[in-house]
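Enquirer: Before anything else, here's the structure in question.
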Amino acid sequence: MIEQDQPPTESPGSSLFGDAPEVDLSRKSTTGGDLALVRLRLAWRTLQDGWSIFVESRIGLLSLAIIAVFALMAFSHPILMATVWERDVYDPVTGYAFDRFDHPAPPDWRHPLGTDSLGRDILSQLLFSAKSEFILGITAALVTVGIATTVGAVAAYYGGLVDSLLMRLADLIIALPGISLLIVLSALFDLKLFHLALIIGVLGGFGGTAIILKSQALSIRVKPYIEAARAAGGSHAHVIFVHIIPNLLPLSLLYMMFTVTGAIFAEAVLSFLGLLNIRMSWGIMIHTANTGGYLLGGTKYWWLIVPAAASITLLCSAFYLVGRALDEVVNPRLRRHDG
């Protein structure tokens, strides 16, 4: 019997995931290998469809290329340190350019981006910091998406008191000023890069991202295959983790991009204020220039400011624009239709 409060069937293209095939795994295959093959084929077809839509966005492709360049920068630093650069000179923290005496020195052929006030190579610091930014951003994004997807699915599935408690917690976290809270925590505790990533991930996972994913999980909960899974004797955990969460992953991937942007920006702010216990980052590079009074020199000492500031801006913008391009993939209503 059909329940009276069940919403009407959605018209084609009105779903948030549009043309992406829904993951209906309520029917049991004869073997585990067949079931895994079905899942793999569905995932591959969804990936192909999504990529074909993503490549239509020039901004998305350009942003993806920028991210790839920064990834190459992160991988190139240990290679250069092992093969080309002398550790005593080019170490991003303890190195010193003995061939120059006028630190901070402007760019030359041995130091393409010059040196800072302590005689350290700017290019080496820039490349080394790229790895830290990727580790921070990706770790925070994974924690955020893991928590938010689970919280959203659980709140939508159970409803009632569980939903109210989780959503009021999300409202409370949204009401908190994020940067101010991080400043207080970093002043009270000895925060390192991994600790900062966990804090940003937890705050994001129980915050606004959980509310958005819960709203999508509500539309998935009333699908016929969810009722079929329940009728087949599937447990609550089975329905949530096998049927609901896999259908939330495309939207979760979208919010991973936005979380990376927020994490990199937060680290830059805290490092500029000198509140993080990390070896080197783009924010620390600007902090070093500020403590030496070189920010007041205008363009005279541009190499102390521009490389780090431009890297923060470019990488944050690239992840944000990739997220906007992915928004067209998971939301068909935002796609451009010719004719």
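Enquirer: Assign unit charges at the C-beta atoms only (+1 for Lys and Arg, -1 for Asp and Glu), then state the dipole size of the chain relative to its Cα centre in Debye, rounded to the nearest 20.
Expert: Roughly 300 debye for the chain.
Enquirer: Against the longest alpha carbon principal axis of the chain, how many degrees, from 0 to 90 and to the nearest 10, is the axis of helix 122-158 turned?
Expert: So the inclination is approximately 20 degrees.
Enquirer: Hey, another quick one. Considering the options Leu254, Ala228, Leu218, tell which one lies farthest towards the positive end of the dipole of the chain, charges being +1 on Lys and Arg and -1 on Asp and Glu at the Cβ, about the Cα centre.
Expert: It is Ala228.
Enquirer: Further question: Under 15 Å from the Cβ of Trp282, count the other residues' Cβ atoms, weight Lys and Arg +1, Asp and Glu -1, and hand me the total.
Expert: Net of charged neighbours comes to -1.
Enquirer: Can you give the FRET efficiency to the nearest 0.05 for Leu296 and Val269, using r as the Cβ-Cβ distance and R₀ = 22 Å?
Expert: The pair Leu296/Val269 has a calculated efficiency of 0.65.
Enquirer: Moving on to the next point. When the Karplus curve 6.51 cos²θ - 1.76 cosθ + 1.60 is applied with θ = phi - 60°, which whole-Hz ³J(HN,Hα) does each residue of the stretch 189-201 get, with x for Gly and Pro?
Expert: Ordered by residue, 3J(HN,Hα) equals 10, 7, 7, 9, 4, 5, 5, 4, 4, 5, 5, 4, x Hz.
Enquirer: Please compute the contact order of the stretch 29-181 in relative form: average sequence separation of alpha-carbon pairs under 8 Å and at least six residues apart, divided by the residue count, as a percent.
Expert: 14 percent
Enquirer: I've got another one for you. Between the helical axis of 282-291 and the dominant principal axis of the chain, each derived from Cα atoms, what acute angle in degrees is found, rounded to the nearest 10?
Expert: Around 40 degrees separate the two axes.
Enquirer: At q = 0.11, 0.15 Å⁻¹, what base-10 log of I(q)/I(0) does the Debye formula yield for the chain when every alpha carbon is treated as an equal point scatterer in vacuo?
Expert: Scattering profile of the chain, log10 relative to I(0): -0.83, -1.23.
Enquirer: In the chain, if the dipole is taken from +1 on Lys/Arg beta carbons and -1 on Asp/Glu beta carbons about the Cα centre, which of Gly114, Ser164, Leu191 is farthest to the positive end?
Expert: Of the candidates, Ser164 comes out farthest on the positive side.
Enquirer: Report relative contact order for the chain in percent, whole number only (criteria: Cα-Cα under 8 Å, sequence separation at least 6).
Expert: Worked out over the chain, it gives 26 percent.
Enquirer: Using the beta-carbon distance between Ala82 and Trp109 and R0 = 22 Å, what value does 1/(1 + (r/R0)^6) give for FRET efficiency, to the nearest 0.05?
Expert: Efficiency computed from Cβ-Cβ geometry: 0.55.
Enquirer: How big is the stretch 210-262 along each principal axis, measuring the range of its Cα positions in Å and listing the largest first?
Expert: Principal extents (Cα only, largest first): 42, 16, 14 Å.
Enquirer: Using a 10 angstrom cutoff on alpha carbons, build the Gaussian network for the chain and name the most mobile of Gly297, Gly207, Gly119.
Expert: Largest GNM mean-square fluctuation: Gly297.
Each value in this text was obtained by applying a stated rule to the coordinates, not by laboratory testing. This is a predicted model, so every value here is computed, not measured. FYI the Cβ positions are ideal-geometry reconstructions off the backbone, even for glycines, and counts take in every protein chain you see.
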